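Structure first, commentary second.
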Amino acid sequence: MSIAITGLGIVCAIGNDIPSVLASLRQKKSGIGTMHYLQSEHTELPVGEVKLSNEEMESMLNLDKGEAWSRTTLMGAIAVRQALKQANIDRLDGKKVALISGTTVGGMDVTERHFKLMQESDEMLSVISKHDCGSTTDDIARICGLDGAETITVSTACSSAVNSIIIGAEMLKTGEADIVIAGGTEALSKFHLNGFNTLMILDKEQCRPFDATRAGLNLGEGAAFVVMQKSADAEDDKALAYVSGYGNRCDAFHQTASSEDGEGAYLAMTEALAMAGLKPQDIHYINAHGTGTPNNDPSESAAIRRVFGDSIPPISSTKAFTGHTTSASGSIETVFSILAMQNGFVPASLGWEKQDDNCITPSTGINNIDIENVVCNSFGFGGNDSSIILSKTPHTEDEATAQYVVDVLAKDEIEDMESLKEIKEFVFPIEARRMGKLMKASCLTSMRVLRKANIERPDAIITATANGMLETSEQFLQDICENGEQLLKPTLFMQSTHNTIGSAIAIRLKCHGYNITYTQGERSLECAMKDAERLIRTGKAKTVLVGCHDEATPLYCGFMKRLGLPEPKMIDSRVILLGRKD
Amino acid sequence: MEELILTLKKQIIEVLNLEEMTPEEIETDAPLFGTGLGLDSIDALELIVLLEKEYGIRLANPAEGKDIFKSVATIAEYVHKNRTK
């Protein structure tokens with residue numbers, strides 16, 4: 001069974017719809033420039049902003065004035081609407097529809113604007129309900145009239161959107177969904193601009209991926225979504241491209257750095273090729289992750305060389321067009337890859353001039369080229385590396401049929417702070433230096449459950465969390481509010497993404513298998529369990545470590561109390577180890 | 001110099017959350033990264049923030065830290081020469 005893509009929607013720095021994005025790509029016109037909409041002290045940093053104010057987006061979407069919408073939601077809704085319009089599906093009712101969105105920053109743009117006020121008065125307190133990533137997906141569904149759709153939010157930092165598409169394809173294959181709208185959306189925020197700045201990986205000039213003089217990335221924002229259907233369900237002339245293969249693997253190396261040999265990236269590309277039944281020489285274009293940081297580009301180059309050897313197809317990074325749109329980059333670049341295939345051109349790797357011997361040589365743009373298959377790479381913090389293969393004609397024949405039965409091998413949980421002391425059994429003090437209570441709890445429950453079941457390393461790690469790394473995120477935000485945008489702590493930011501939890505476990509276990517994080521409010525664990533069961537039933541994994549981990553802080557508990565909501569537990573970590581029943 | 005070394009050790013323990021360590025446990029000449037204390041690239045970034053915050057020394061490129069952060073002794077030497085506060 002193949003998966004057809006029947007609709008595309010996009011909004012990013014180089015255009016607010018498909019025709020304008022295509023024109024910019026062909027004319028080699030970058031959208032990176034001086035900050036205009038984001039309110040930050042760091043005006044010296046170029047950014048790839050969507051050229052629309054929130055008010056303009058609200059009126060494009062016919063929304064009532066006065067509600068504090070996150071830019072993440074607004075951009076996402078614009079892209080979803082475009083994609084649905086192009087797919088032109090007559091009836092959604094009676095069909096199983098899923099909206100799968102990748103985001104990490106979520107509603108942070110709204111929270112950071114009101115954070116101080118929220119602590120002082122009740123006036124803006126209600127915006128807390130727009131903070132978590134899952135709420136942005138629910139809002140997009142609501143705005144786009146997808147009321148009956150199942151909403152799922154994936155948060156694996158910069159690979160979130162490709163992982164959304166992967167999950168969507170799997171759900172179509174197993175029949176869990178008839179129509180999937182998948183992609184990602186991420187608004188620029190002061191929070192992550194400052195975060196990346198603490199990591200000293202932001203270039204003050206326009207980024208130059210793979211160039212010897214590259215000095216980091218530029219942040220961007222945007223959203224892109226694709227409508228996917230089983231090819232049998234899509235009318236023949238409607239398929240714009242096919243998803244023929246994909247791979248999700250973990251580098252399991254470091255929270256913010258890629259390994260030298262690009263192991264995670266290598267495994268992800270190899271798996272995608274195997275699923276598509278394609279050889280490296282069948283790939284005619286690679287849309288690289290290519291962020292422009294000193295660390296990413298040689299690591300990705302090493303991985304590409306390992307897969308493609310001496311016959312590397314044209315490669316480009318399109319990050320110098322859009323900036324790094326983080327969680328949205330995977331779907332934005334999936335759309336670029338499809339446009340390249342449809343229109344027969346290789347987008348330029350803008351800014352590249354000087355060869356770095358440790359990097360591949362990117363393309364400066366090719367016209368009139370026949371592209372049958374594209375590899376699109378998307379890598380995230382924690383080594384959450386994913387690759388997807390898009391094709392002009394369908395290749396995949398694999399049926400994701402349920403062949404196996406799921407068994408619960410062991411369970412564990414922690415709900416009290418006292419238990420965290422036991423972490424010493426598994427972790428050296430020097431390793432614990434950065435571990436907050438959520439990291440300690442998730443590590444402890446995970447290690448204990450594996451020990452109980454006498455399993456060294458699971459095949460896959462799936463994490464669920466409603467609020468993610470609440471404590472470190474709150475400290476980082478509080479720091480910005482109280483002390484301004486200087487001298488902030490990188491340690492806090494590097495542990496602010498939701499996938500910090502799952503990737504830390506992978507790093508500890510050196511587990512290169514499938515690794516994903518779901519964040520969908522109270523339904524987070526449900527999303528994770530469905531994925532885990534799917535992996536086991538379809539034979540993709542024999543053992544899956546599923547964890548649901550959340551924490552609270554005194555400030556957050558205070559917010560909940562003032563809103564008349566139940567007070568959350570300070571720590572709540574539960575894990576289930578699933579296995580295949582023989 | 002001795003005083004600066006002790007202060008630096010205390011500050012390193014604080015910014016890197018080395019909760020269970022005392023200044024005496026950090027050897028002045030021992031490597032901080034890799035085989036020594038086992039610090040990594042993020043710790044180096046924290047040390048860059050520390051230099052700016054406490055001593056008014058600004059490193060524009062994280063690669064500059066490589067030689068400076070070899071040991072507490074090398075940090076002390078660099079701070080002594082370059083501090084602006």
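The values are calculated or read from the model by the stated rules, or taken from the named source; none is laboratory data. If you're wondering where the values come from, they're calculated on a predicted model, not measured in any experiment. Cβ coordinates were reconstructed from backbone atoms using ideal geometry, including for glycine residues, and neighbour counts include every protein chain displayed.
Candidates A:Gly292, A:Gly277, A:Gly245: the one that is assigned by TED's automatic domain parsing to the domain that holds A:Leu172, touching a Cys at 6+ places or on another chain (Cβ under 7 Å) and either buried (at least 20 other Cβ atoms within 10 Å of the Cβ) or not polar (S, T, N, Q) (or both) is A:Gly292. Listed by first and then second residue, the pairs linking a residue in the range A:483-506 that is within 13 Å of chain B (Cβ to nearest Cβ) to a residue that is among the small types (Gly, Ala, Ser), with Cβ atoms under 6 Å apart and 6 or more places separating them unless they lie on different chains, are A:Phe493/A:Gly195; A:Ser496/A:Ser473.
Taken together, the residues in the range A:85-134 that are of a type in the set (Gly, Ala, Ser), in contact with a strand residue (DSSP E or B) (Cβ under 9 Å, 6 or more places away or on another chain) and more than 27 Å from A:Thr174 (Cβ to Cβ) amount to 1. For the range A:410-441, a tally of residues being farther than 23 Å from B:Glu46 by Cβ and away from chain B (no Cβ under 14 Å) returns 14. Of all residues in the range A:527-563, those that are touching a residue at least 40 places away in the same chain (Cβ under 8 Å), within 22 Å of A:Gly134 (Cβ to Cβ) and of a type outside the set (A, V, I, L, M, F, W, C) total 11. Filtering the range B:49-85 to residues that are within 17 Å of B:Leu18 (Cα to Cα) and in a helix (DSSP H, G or I) leaves B:Val49, B:Leu50, B:Val72.
Of the residues A:Glu353, A:Glu372, which single one is assigned by TED's automatic domain parsing to the domain that holds A:Gly9, among the charged types (D, E, K, R) and either under 17 Å from the mean Cα position of the chain (by Cα) or farther than 17 Å from A:Ile286 by Cβ (or both)?
Among A:Glu353, A:Glu372, only A:Glu353 is assigned by TED's automatic domain parsing to the domain that holds A:Gly9, among the charged types (D, E, K, R) and either under 17 Å from the mean Cα position of the chain (by Cα) or farther than 17 Å from A:Ile286 by Cβ (or both).
Condition test on A:Gly564, is it assigned to a loop (DSSP other than H, G, I, E, B) and out of contact with any helix residue (DSSP H, G or I) (no Cβ under 7 Å at 6 or more places or on another chain)? In short, yes. Of the helices (runs of 4 or more DSSP H) lying entirely inside the range A:420-528, none contains at least 2 residues that are of a type in the set (A, V, I, L, M, F, W, C) and assigned by TED's automatic domain parsing to the domain that holds A:Asn248.
Residues in the range A:319-347 that are surrounded by fewer than 22 Cβ atoms within 10 Å (Cβ to Cβ), touching a residue at least 40 places away in the same chain (Cβ under 8 Å) and not in a helix (DSSP H, G or I): A:Phe345 only. For the range A:487-528, the set of residues classified as aliphatic (A, V, I, L, M) and either more than 26 Å from A:Met200 (Cβ to Cβ) or within 19 Å of the chain's Cα centre (by Cα) (or both) consists of A:Met494, A:Ile501, A:Ala504, A:Ile505, A:Ala506, A:Ile507, A:Leu509, A:Ile516, A:Leu525, A:Ala528, listed by residue number. For the range A:213-231, residues that are farther than 27 Å from A:Ala98 by Cα and either free of Cβ contacts under 8 Å to residues at least 12 places away in the same chain or among the β-branched types (Val, Ile, Thr) (or both) total 1.
This table checks each residue for (1) within 19 Å of B:Glu77 (Cβ to Cβ); (2) modelled with pLDDT under 95; (3) within 11 Å of chain A (Cβ to nearest Cβ).
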residue	(1), (2), (3)
B:Glu2	yes, yes, no
B:Lys9	yes, no, no
B:Asn17	no, yes, yes
B:Glu25	no, yes, yes
B:Pro31	yes, yes, no
B:Gly38	no, yes, yes
B:Ser41	no, yes, yes
B:Leu47	yes, no, yes
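Applying the set (1) more than 26 Å from A:Leu339 (Cα to Cα); (2) free of Cβ contacts under 8 Å to residues at least 40 places away in the same chain to A:Lys51 leaves exactly one unmet item: (1). No other residue among A:Ser301, A:Ser327 is within 30 Å of A:Ala87 (Cβ to Cβ) and away from chain B (no Cβ under 14 Å) apart from A:Ser327. Among the residues of the range B:11-36, those that are part of a helix (DSSP H, G or I), surrounded by 13 or more Cβ atoms within 10 Å (Cβ to Cβ) and free of Cβ contacts under 8 Å to residues at least 24 places away in the same chain comprise B:Ile13, B:Pro23.
Residue-by-condition table, conditions (1) within 21 Å of the chain's Cα centre (by Cα); (2) crowded, with 18+ Cβ neighbours inside 10 Å:
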{"residue": "A:Glu44", "(1), (2)": "no, no"}
{"residue": "A:Gly66", "(1), (2)": "no, no"}
{"residue": "A:Arg91", "(1), (2)": "no, no"}
{"residue": "A:Thr104", "(1), (2)": "yes, yes"}
{"residue": "A:Gln119", "(1), (2)": "no, no"}
{"residue": "A:Ile128", "(1), (2)": "no, yes"}
{"residue": "A:Arg142", "(1), (2)": "no, no"}
{"residue": "A:Asp147", "(1), (2)": "no, no"}
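Tell me which residues, restricted to the range A:245-286, are charged (D, E, K, R) and within 14 Å of chain B (Cβ to nearest Cβ). Correct list: A:Glu260 only.
Let's see how each residue does on (1) at pLDDT 95 or above; (2) hydrophobic (A, V, I, L, M, F, W, C); (3) in contact with a helix residue (DSSP H, G or I) (Cβ under 8 Å, 6 or more places away or on another chain):
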| residue | (1), (2), (3) |
| --- | --- |
| A:Gln82 | yes, no, yes |
| A:Asp90 | no, no, no |
| A:Ile100 | yes, yes, yes |
| A:Thr103 | yes, no, yes |
| A:Glu112 | yes, no, yes |
| A:Asp132 | yes, no, yes |
| A:Ile165 | yes, yes, yes |
